[in-house]
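Here the structure comes first, spelled out in structure tokens, and everything after it is commentary.
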Amino acid sequence: METFISVSTELLKGFGENLKLFSLTLLLALPIGLLITFCSMSKFKPLKWLSKTFVWIIRGTPLMLQLFVVLYVPGLLFNYPIKIRFTAALIAFVINYSCYFSEIYRGGIESISRGQYEAGQVLGMTKTQVFFRVVLLQVVKRIVPPMSNEIITLVKDTSLARVIAVAEIIMMADRFSARGIIWPLFYTGAFFLLFNGLLTVVFGRIEKKLDYFRG
Amino acid sequence: MALLEVQNLHKTFGKTEVLKGIDFTIDEGSVVSVIGSSGSGKTTLLRCITGLETADCGKISVGDRVTFDSTDKRKLTKAEKRENQLCTGLVFQSFNLFPQYTVLRNVTLAKELLVKEECKQQKCPRTEIKARISEIEETAKQIIDSVGLSDKLENYPCELSGGQQQRVAIARALMLSPKVLCFDEPTSALDPEITGEVLAVIRKLANEGRTMLIVTHEMGFAHEVSNEVVFMSDGVIAERGTPDEVFDHPKNARLQEFLSATLRA
């Protein structure tokens with residue numbers, strides 16, 4: 001007979017995988033997204049075109065499909081299968097979320113008025129200085145709400161990794177239901193709710209912290 | 001002696017020729033106002049002079065420095081570009097203060113970045129950098145005081161009125177001591193009752209002998225503060241002269257029309 005405690009420990013182990021996937025994806029996708037943004041906004045047309053097509057493909061296909069592609073395609077094409085399923089999941093998630101983040105960044109950057117850039121320019125600042133010293137914080141302020149949305153979605157999306165057999169929380173719960181114990185499956189919701197509640201508080205704090213200026 | 005010299009300046013956007021050959025000079029210490037209806041090319045002229053637009057053809061020089069020359073195809077280095085940029089200063093119609101910085105920081109930021117870069121190149125010791133930065137702060141405080149905002153040093157732009165924001169913008173431009181200070185309709189975004197405080201600051205600068213180029217719709221102010229008034233129409237300078245000549249005895253038919261329309265309003 002499974003006790004509440006033993007189920008909890010099993011599920012927590014699974015959720016550990018979710019959190020690992022979540023934090024590594026976030027850590028990598030945040031900067032890579034910015035890189036994609038710069039490519040998408042580049043004046044060099046081929047790069048811009050390439051980057052936009054890439055974003056279109058990634059945003060236009062299901063993440064679940066991308067997980068399979070990352071797992072199988074390297075093995076089929078180059079005879080170099082990805083052996084660790086977690087790594088495959090991480091690669092797919094990073095690619096997918098970088099593209100979403102890049103579009104949020106782009107929206108934020110493009111929403112800053114031209115006057116800010118021009119003011120920086122007439123004051124003799126370089127383009128890099130204008131971006132980092134003037135524009136960036138204003139962009140951050142504007143993208144906190146859409147980013148928090150996306151990041152909360154990421155937490156929940158991590159459970160998709162089970163389709164390539166990463167032992168995340170819902171997969172763990174499913175092992176119980178295979179033995180006829182259904183309730184652990186529903187119980188997993190509590191883990192997501194709790195963690196997302198925590199994130200909501202954190203994002204609320206960040207928003208408040210940036211509340212001191214308007215722009 | 002002419003401090004700013006603009007020769008045969010042309011600028012086209014798409015198929016519209018906005019500037020059709022502008023020639024004019026500003027003497028050191030004098031104030032020139034540019035008037036004209038919207039679409040006459042005033043703002044474009046100002047943007048070409050301050051480097052925000054690149055003219056198609058012509059030459060601009062400030063003092064003995066040529067800041068733009070369409071016949072010179074040589075690519076400028078970053079340092080040269082910046083040097084050219086800093087010859088002129090610009091105060092925008094919409095202020096364009098940096099919202100996340102305090103008044104003081106808005107004024108010091110650009111200068112500080114400049115000095116830090118200089119120090120890095122010359123490999124100055126840390127103590128010297130510190131000393132120079134606190135020097136910048138002192139200068140900034142004096143300039144902010146001169147526009148009457150010494151009690152707002154630590155305030156953010158969103159806490160200021162439009163008139164106060166524009167005065168900060170003027171202080172910010174002054175901090176880099178441009179040879180020619182340009183204004184693009186500095187009071188157009190302000191409520192009528194607070195334009196006065198901005199105009200007072202500009203008047204004070206005029207009395208201090210600053211060289212200024214002001215695009216404005218404030219005819220009374222242009223009359224009072226300028227040494228010379230330029231009337232632009234359809235991409236050319238249609239008339240220029242002393243304020244008395246331009247406002248009281250306009251010769252150009254378009255100018256007469258423009259003045260009667262604005263004065264009636």
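Do we find that B:L205 is farther than 22 Å from A:M125 by Cβ and not aromatic (F, W, Y) in this structure?
In short, yes.
Total residues in the stretch B:223-252 satisfying the condition of being β-branched (V, I, T) and part of a strand (DSSP E or B): the figure is 4. Determine, yes or no, whether B:E154 is more than 19 Å from the chain's Cα centre (by Cα), acidic (D, E) and within 13 Å of chain A (Cβ to nearest Cβ). Criteria met by B:E154. Within the stretch A:104-120, being more than 14 Å from every other protein chain (Cβ to nearest Cβ) and surrounded by fewer than 19 Cβ atoms within 10 Å (Cβ to Cβ) holds for A:G107, A:E110.
Considering (1) more than 30 Å from B:C158 (Cβ to Cβ); (2) surrounded by fewer than 15 Cβ atoms within 10 Å (Cβ to Cβ); (3) small (G, A, S), the lone condition that A:S159 does not fulfil carries the number (2). Taken over the stretch B:161-175, residues that are within 11 Å of chain A (Cβ to nearest Cβ) and either without any contact (Cβ under 8 Å) to a residue 12 or more places away in the chain or in contact with a Lys or Arg (Cβ under 7 Å, 6 or more places away or on another chain) (or both) amount to 1. Scanning the stretch A:101-135 for residues that are assigned to a loop (DSSP other than H, G, I, E, B) and not hydroxyl-bearing (S, T, Y) turns up A:I112, A:L123, A:G124, A:M125.
Taking the stretch A:140-152 as the range and being within 14 Å of chain B (Cβ to nearest Cβ) and touching a helix residue (DSSP H, G or I) at 6+ places or on another chain (Cβ under 6 Å) as the test, the residues that pass are A:K141, A:R142, A:V144. If you go through the stretch B:57-108 and keep only what is under 30 Å from A:V139 (Cβ atoms), aliphatic (A, V, I, L, M) and free of Cβ contacts under 8 Å to residues at least 40 places away in the same chain, you end up with B:L76, B:A79. B:K111 passes every criterion in (1) surrounded by 14 or more Cβ atoms within 10 Å (Cβ to Cβ); (2) within 14 Å of chain A (Cβ to nearest Cβ); (3) over 20 Å from the mean Cα position of the chain (by Cα); (4) not polar (S, T, N, Q) apart from (3). When restricted to residues that are over 21 Å from B:F258 (Cα atoms), in a strand (DSSP E or B) and either in contact (Cβ under 8 Å) with a residue 24 or more places away in the chain or of a type in the set (F, W, Y) (or both), the stretch B:25-49 contains 3. Within the stretch B:114-132, can one find any residue that is within 11 Å of chain A (Cβ to nearest Cβ), crowded, with 17+ Cβ neighbours inside 10 Å and of a type outside the set (G, A, S)? Looking for residues that are within 11 Å of chain A (Cβ to nearest Cβ), crowded, with 17+ Cβ neighbours inside 10 Å and of a type outside the set (G, A, S), one finds at least one in the stretch B:114-132, hence yes. If the condition is being more than 14 Å from chain B (Cβ to nearest Cβ) and either part of a loop (DSSP other than H, G, I, E, B) or polar (S, T, N, Q) (or both), then the stretch A:189-215 contributes A:N196, A:T200. The residue that is surrounded by the most Cβ atoms within 10 Å (Cβ to Cβ), among those in the stretch A:1-42 that are over 21 Å from the mean Cα position of the chain (by Cα) and not in a helix (DSSP H, G or I), is A:S42. Among the residues of the stretch B:239-265, those identified as small (G, A, S) and farther than 14 Å from B:H223 by Cβ are B:A253, B:S260, B:A261, B:A265. If only residues of the stretch B:50-108 that are at the interface with chain A (Cβ under 9 Å from one of its Cβ atoms), of a type in the set (S, T, Y) and in a loop (DSSP other than H, G, I, E, B) are counted, the one that is farthest from B:E17 (Cα to Cα) is B:Y101. Every condition in (1) within 14 Å of another protein chain (Cβ to nearest Cβ); (2) hydrophobic (A, V, I, L, M, F, W, C); (3) not in a helix (DSSP H, G or I) holds for B:L9 except the one numbered (1). The set of residues from the stretch A:75-100 being of a type in the set (F, W, Y) and either modelled with pLDDT under 95 or within 21 Å of A:R133 (Cα to Cα) (or both) comprises A:F78, A:Y80, A:F86.
Take the stretch B:180-220 and flag every residue that is touching a residue at least 60 places away in the same chain (Cβ under 8 Å) and surrounded by fewer than 17 Cβ atoms within 10 Å (Cβ to Cβ).
Restricting attention to the stretch B:180-220, the residues satisfying the condition of being touching a residue at least 60 places away in the same chain (Cβ under 8 Å) are B:180-186, B:188-189, B:206, B:209-217, B:219.
Residues satisfying the conditions are B:S188, B:A189, B:G209, B:H217.
Of all residues assigned to the stretch B:31-43, at least one qualifies as being at pLDDT 95 or above, crowded, with 17+ Cβ neighbours inside 10 Å and not aliphatic (A, V, I, L, M). With a requirement of 3 or more residues that are of a type in the set (S, T, Y), the helices (runs of 4 or more DSSP H) lying completely within the stretch B:112-222 that satisfy it span B:126-146. Considering (1) closer than 19 Å to A:I206 by Cα; (2) away from chain B (no Cβ under 13 Å); (3) in contact (Cβ under 8 Å) with a residue 40 or more places away in the chain; (4) in contact with a Phe, Trp or Tyr (Cβ under 9 Å, 6 or more places away or on another chain), the lone condition that A:L137 does not fulfil carries the number (2). Looking across the stretch B:228-249 at every residue that is touching a Phe, Trp or Tyr at 6+ places or on another chain (Cβ under 7 Å) and farther than 16 Å from B:L46 by Cβ, the one that is surrounded by the most Cβ atoms within 10 Å (Cβ to Cβ) is identified as B:V246.
The values are calculated or read from the model by the stated rules, or taken from the named source; none is laboratory data. From a predicted model like this one, the values you see are computed outputs, not experimental measurements. Methodologically, a virtual Cβ is constructed for each residue, glycine included, from the backbone with ideal geometry; neighbour enumeration extends over all protein chains shown.
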